Structure formats: structure tokens, C-alpha cells
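Computed from the coordinates by the stated procedures, all read-outs in this text should not be read as laboratory data. Remember, it's a predicted structure, so these values are computed and weren't measured experimentally. Neighbour counts are summed over all protein chains in view; Cβ atoms, including those assigned to glycine, are modelled from backbone coordinates with ideal geometry.
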Amino acid sequence: MSVLAIIGGQWGDEGKGKVVDLLTTRAHVVARYQGGDNAGHTVVNPKGTFRMHLIPSGIFNPEVTCIIGNGVVINPQRLLEEMNTLREQGISLDRLYISETAHVILPFHLLFDGLLEESKGEGSIGTTRRGIGPVYTDKAARVGIRMVDLVDEEILLSRLTYLVNTKNRILSQVYGQPPLSLHEIYLQYLEYGRQLAPHITDTRKILFRALRDGKNIVLEGAQGVMLDLDFGTYPYVTSSSPSVGGACTGLGLPPWAIQRVLAVSKAYCTRVGAGPFPTEADEETAARLRERGHEFGTTTGRPRRCGWFDAVAMRYVVELNGVNGLAITKLDVLDEEPVVRICTGYRLNDTIVQDVPNSLLLWRSLEPTYEEMPGWQTSTRQIRAFEDLPTEARTFLDRIEQIVGVPISIISVGPNREETIIRHKVL
Ligand code: IMP
């Protein structure tokens with residue numbers, strides 16, 4: 001038995017989808033545990049190029065059971081669209097299971113996400129406007145609708161009646177917006193429930209049985225630890241727990257079951273939306289990295305902010321999650337850089353600190369300190385063994401290992417499955 005959690009080690013978009021896709025050849029179950037369709041990743045494999053938001057990357061392997069766990073928030077319309085696109089491309093969805101207790105994104109969650117952002121003006125977070133904050137708010141307030149409610153006409157009507165009436169009062173009295181129709185939402189969501197019913201089940205039991213039977217289970221994190229509601233750069237975070245702890249609550253998995261945690265990070269750093277980003281590069285460098293790394297959001301198409309590898313934040317992520325291996329992606333994006341940089345400390349009021357702060361004020365006042373090293377200025381895309389990498393690239397990766405304190409198990413040198421260097425067995 002092996003349970004491997006794959007988490008985002010930065011601010012999301014690290015290339016987790018490729019790593020999960022790569023490992024599914026050895027997995028029996030792949031399970032998503034948090035977030036919603038704010039996530040987005042592109043998987044390139046022999047079956048084609050796929051843009052996914054909700055469905056676990058294991059779906060391309062017909063032997064793999066895919067789970068959307070209770071910690072995920074689901075926009076049923078978007079999920080059905082994604083399912084249909086995959087079906088049209090010949091991918092079977094027979095092994096896709098959706099937790100009965102996952103919360104459902106409703107039309108007013110999308111509306112409120114936008115209205116809240118606009119009301120914050122300059123202080124807006126730059127959310128994906130997928131309704132993520134508002135749906136998790138309702139979950140915590142114990143008024144949310146869960147997937148299991150969509151397949152029960154009476155419960156759906158009674159819970160929706162309370163919710164829509166309450167939201168309509170806020171919409172009209174706080175935001176001066178027209179009310180939404182309870183009737184239309186009810187019929188629409190009942191229909192979603194009808195279509196999704198064959199997939200809705202108690203996913204905790206599936207996982208428990210897989211665990212008991214010694215199967216290989218991959219836990220697929222969305223977003224990244226630096227966007228974690230508790231441990232990220234609050235309030236510039238998402239509303240779920242991309243950290244490994246989220247996998248226990250988001251799937252109903254006992255903590256002892258998770259033996260390995262692999263953090264996926266780019267060889268540089270990106271962030272979408274507002275918030276602290278100490279190693280953000282000057283516009284010229286950022287533009288180069290963005291261009292070479294195609295750093296535009298899969299979900300919103302927004303250009304990503306780009307900068308250098310932040311080993312201070314990475315070490316924090318390693319400590320917090322018990323990370324025992326790294327996957328470094330997009331090494332090839334640095335192929336043409338004459339000089340590469342690793343942030344090894346933060347300068348704060350004339351002292352160098354090695355820890356991430358908790359206050360937004362401190363986050364904003366710190367300055368990164370860098371170790372600079374020569375770039376390799378040659379293509380790494382054809383390389384499949386660590387020893388064959390240029391000396392400068394090996395020095396760069398060795399230095400990351402030394403500072404962060406965990407081995408780099410996987411190195412990705414291009415978007416395709418085979419453009420990968422596997423140094424250690426992780427599953
Ligand atoms: P939300 O999750 O849509 O509420 O957005 C909150 C913050 O998280 C924003 O800065 C988003 O840009 C960021 N975010 C959410 N999902 C992702 C993701 O999958 N990749 C990168 N950033 C994300």
C-alpha cells in the first residue's frame with residue numbers, strides 16, 4: 001500500500017497535473033480533496049491535450065478510480081461540461097465518483113464572488129470569480145447545499161428556499177441587484193442532480209476499501225500551499241486547504257495513511273492575482289519567463305506574475321507538510337537565462353530572516369536576498385537523466401536540495417509525459 005499526496009509547493013500552477021498524470025500508471029485511485037473549478041491544469045499525454053478544472057488527472061487511465069472528495073466545491077454545470085468534453089474525446093467516465101457531501105456552487109455564489117471583489121476596490125484579491133469564497137462561506141455557515149441534496153427533490157427545495165430567499169435579500173438590499181428565481185435554480189439543479197446521480201456516492205468508503213486492500217492512492221492537491229486559507233498569504237489566499245492536512249478532512253482519510261508528500265514547484269515562481277510575492281522579477285525578466293513558460297491562467301487566461309525560485313517559502317512548505325520529495329517543473333523555461341537566481345533569505349529591517357512572516361505588513365516590507373549562479377544556456381528538453389543535465393543546471397538543482405533539505409525526485413523539462421527526469425521512485 002502506498003498513499004502519496006501531491007501538493008502545490010508555491011502559489012498554484014506548478015504543473016501538478018502533469019506529475020499526477022505521470023504517476024497514474026502506478027496508481028489505483030486518484031482523489032481530489034479541495035478547491036473547485038478555480039483550479040485548472042493542462043495535461044498533455046498520448047490521448048491529446050486536455051484542460052481540466054475538476055476531474056482528477058487519473059481519468060486518462062481506464063484502470064484508475066477517480067474521486068472528487070467532500071472537500072471539493074462543485075459547479076455542476078462546469079463539471080458536466082468537462083465530463084462531456086472528455087467523453088467526446090473517447091475518455092471513459094465510468095470510474096469517476098463524486099462525494100455525496102461535496103458542496104455545490106450555486107448561481108449566487110458566482111454573483112457574490114464578483115460583487116465582493118468589486119466592493120473591495122484596490123484591495124481586491126483577484127479571485128477567479130468561480131464562487132469559491134462564497135460557497136465555502138455557506139459551508140462553514142451550515143447553510144450550503146451538498147451533492148446528495150441534488151438527488152432529493154424535497155430536501156433540495158427546502159434548503160434552496162431558505163438560501164435563495166436569504167441571498168435575494170442581500171442582493172437587493174446590500175447590492176441593489178435583481179433577485180434570482182428560486183424556481184429556475186431548483187429545476188436546473190434538479191436536472192444537474194439527475195445527470196450526475198450515477199457518479200454521486202459515499203467516496204470515503206471507496207477510499208477506505210482501497211486503503212484496506214493495499215492499493216496505490218494518489219491525493220491530488222489543487223492550488224498551492226502559499227494560497228492556503230490558514231497558512232498562505234492571508235487574505236490573499238483561496239478559501240480551502242491545499243496543504244496536506246486538507247487531504248484528511250477533504251477525503252475522510254486517516255492522517256497515518258499518508259506516507260509520502262511530494263511538493264511540486266516550478267524552477268522559478270509565479271502567482272496569479274494580488275498579494276505578496278517577494279521574488280517577483282522586474283518586468284523585463286518576468287515577460288521573458290511568461291513568454292517562455294506560457295504563463296497565462298488556464299482558468300481565467302490572466303497573465304501570471306513571474307519571478308525567481310523562493311527557497312525560503314519552499315522550506316516553509318516542506319516543514320508544514322512533512323514534504324519528503326520535490327518535483328521541479330519547467331526547468332527548460334530557464335534554458336536561455338544567462339543568470340539564474342534562488343532566494344535564500346528575506347531582508348527585513350536590516351536583518352536577514354529565514355522564515356515567512358504572518359503579517360501582511362511584514363510580507364510587504366521584506367526584500368529577497370538572492371544567490372546568483374550562471375545559467376546553462378542550452379536546451380534541456382531532450383535530457384532524460386540527471387547526470388546528462390548541463391553542470392550549471394545540476395548546480396542549480398543541487399543548491400535547491402541543499403537549502404530546502406529534501407531530495408528532488410522528479411524534474412520536468414517540457415510539457416509532454418516523456419519530457420521528464422525521474423530520479424527516485426515516488427509511488
Ligand atoms: P479564488 O480561489 O478564486 O477565490 O481566488 C483566490 C486567489 O487564489 C486568487 O489570487 C486566485 O488567482 C488564486 N487562485 C485560485 N485558484 C488558483 C489556481 O488554480 N492557480 C493559481 N492561483 C489560483
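Under the √(5λ) rule applied to the eigenvalues of the Cα gyration tensor, what semi-axes describe the equivalent ellipsoid of the chain? Give them in Å, descending. Mind dumping the intermediate values first?
Details: eigenvalues 261, 136, 68 Å².
For the chain, the semi-axes come out at 36, 26, 18 Å.
Which one, Ala274, Gln259, Ser239, projects farthest toward the positive side of the charge dipole computed for segment 175-328 from Cβ point charges (K/R +1, D/E -1)?
So the residue we want is Gln259.
Report, in debye and to the nearest 20, how large the dipole of segment 83-155 comes out about its Cα centre when Lys and Arg carry +1 and Asp and Glu carry -1 on their Cβ.
On the way: 8 positive and 12 negative charges, 55 e Å.
So the magnitude is around 260 debye.
Using a Förster radius of 35 Å, what is the FRET efficiency between Thr351 and Glu401 based on their Cβ-Cβ separation? Nearest 0.05, please.
Working: r = 26 Å, r/R0 = 0.74.
Efficiency for this residue pair is about 0.85.
Report the local net charge at Ile352: Lys and Arg +1, Asp and Glu -1, summed over other residues whose C-beta lies under 13 Å from its C-beta. Could you put the intermediate results ahead of the total?
Numbers: positive: Arg347; negative: Asp350, Asp355, Glu367, Glu371.
Charge balance in the 13 Å sphere: -3.
With a cut-off of 13 Å, note down the residues of segment 189-220 whose backbone N falls inside the zone around a label point 7 Å from the Cα of Gln259 toward its beta carbon.
Counting backbone N atoms under 13 Å from the label point, the list is 211-218.
Sorted by packing (mean other beta-carbon atoms within 10 Å per residue), highest first, where do 410-419, 177-186, 290-299, 56-65 land? Walk me through the intermediate numbers first.
Details: 410-419: 19.5, 177-186: 13.9, 290-299: 17.0, 56-65: 21.6.
Averaged packing, sorted descending, gives the order 56-65, 410-419, 290-299, 177-186.
Arrange the following residues from fewest to most other Cβ atoms within 10 Å of their Cβ: Tyr175, Tyr189.
On the way: Tyr175 14, Tyr189 20.
Fewest to most other Cβ atoms nearby, the residues stand as Tyr175, Tyr189.
Based on DSSP, what percent of beta bridges with both residues in the chain are antiparallel, to the nearest 5? Provide the component values of the computation, followed by the final result.
Numbers: 25 of 61 bridges.
DSSP beta bridges in the chain are roughly 40 percent antiparallel.
For Val340, what residues show an amide H to amide H distance below 5 Å, using hydrogens built from the backbone and excluding near sequence neighbours?
Here Met373, Gly375 satisfy the definition.
Using the crude model of +1 on Lys and Arg Cβ and -1 on Asp and Glu Cβ, and no other charge, please compute the dipole size for segment 325-398 relative to its Cα centre, in debye to 20. Let's see the in-between values first.
Working: 7 positive and 13 negative charges, 53 e Å.
That gives a dipole near 260 debye.
Could you name the aspartates and glutamates whose alpha carbon sits less than 18 Å from that of Lys425, not counting residues in the same chain fewer than 8 places away?
Asp21, Glu220, Glu387, Glu401
Which value, in debye to the nearest 20, gives the size of the charge dipole of the chain about its Cα centre, when Lys and Arg are +1 and Asp and Glu are -1 at the Cβ? Don't skip to the end; give the middle numbers.
Details: 45 positive and 50 negative charges, 194 e Å.
That gives a dipole near 940 debye.
So what J values fall out for segment 338-353 if you push phi through Karplus, 6.51 cos²θ - 1.76 cosθ + 1.60 with θ = phi - 60°, rounded to Hz, Gly and Pro as x?
x, 9, 10, 10, 10, 7, 10, x, 10, 8, 9, 6, 6, 10, 9, 10
Need the list of lysines near Lys47 for cross-linking: C-alpha distance under 24 angstrom, and skip anything on the same chain fewer than eight residues off.
Filter leaves Lys16, Lys18, Lys330.
What FRET efficiency would be calculated for the residue pair Val174, Ile422, taking the C-beta separation as r and a Förster radius of 60 Å, to the nearest 0.05? Before the final figure, lay out the partial values.
Numbers: r = 53 Å, r/R0 = 0.89.
Result of the calculation: an efficiency of 0.65.
For Leu190, what charge total do you get from the other residues with a beta carbon under 13 Å from its beta carbon, if Lys and Arg give +1 and Asp and Glu give -1?
That sum, taken over residues with Cβ under 13 Å, equals -4.
Compute the separation of the alpha-carbon centres of segment 348-427 and segment 172-211 and state it in Å as a whole number.
Comparing the Cα centres of segment 348-427 and segment 172-211, I get a distance of 41 Å.
With a point put 7 Å past each Cα toward its Cβ, work out how far Thr137 is from Thr161 in nm, to one decimal.
Computed distance between label sites Thr137 and Thr161 equals 2.5 nm.
Counting other beta carbons within 10 Å of each Cβ, put Thr238, Thr300, Thr233 in order, fewest first.
On the way: Thr238 27, Thr300 16, Thr233 23.
With the sparsest Cβ surroundings first, the list reads Thr300, Thr233, Thr238.
What distance in nm lies between label points placed 7 Å from Cα along the C-beta direction at Glu154 and Lys47?
4.0 nm
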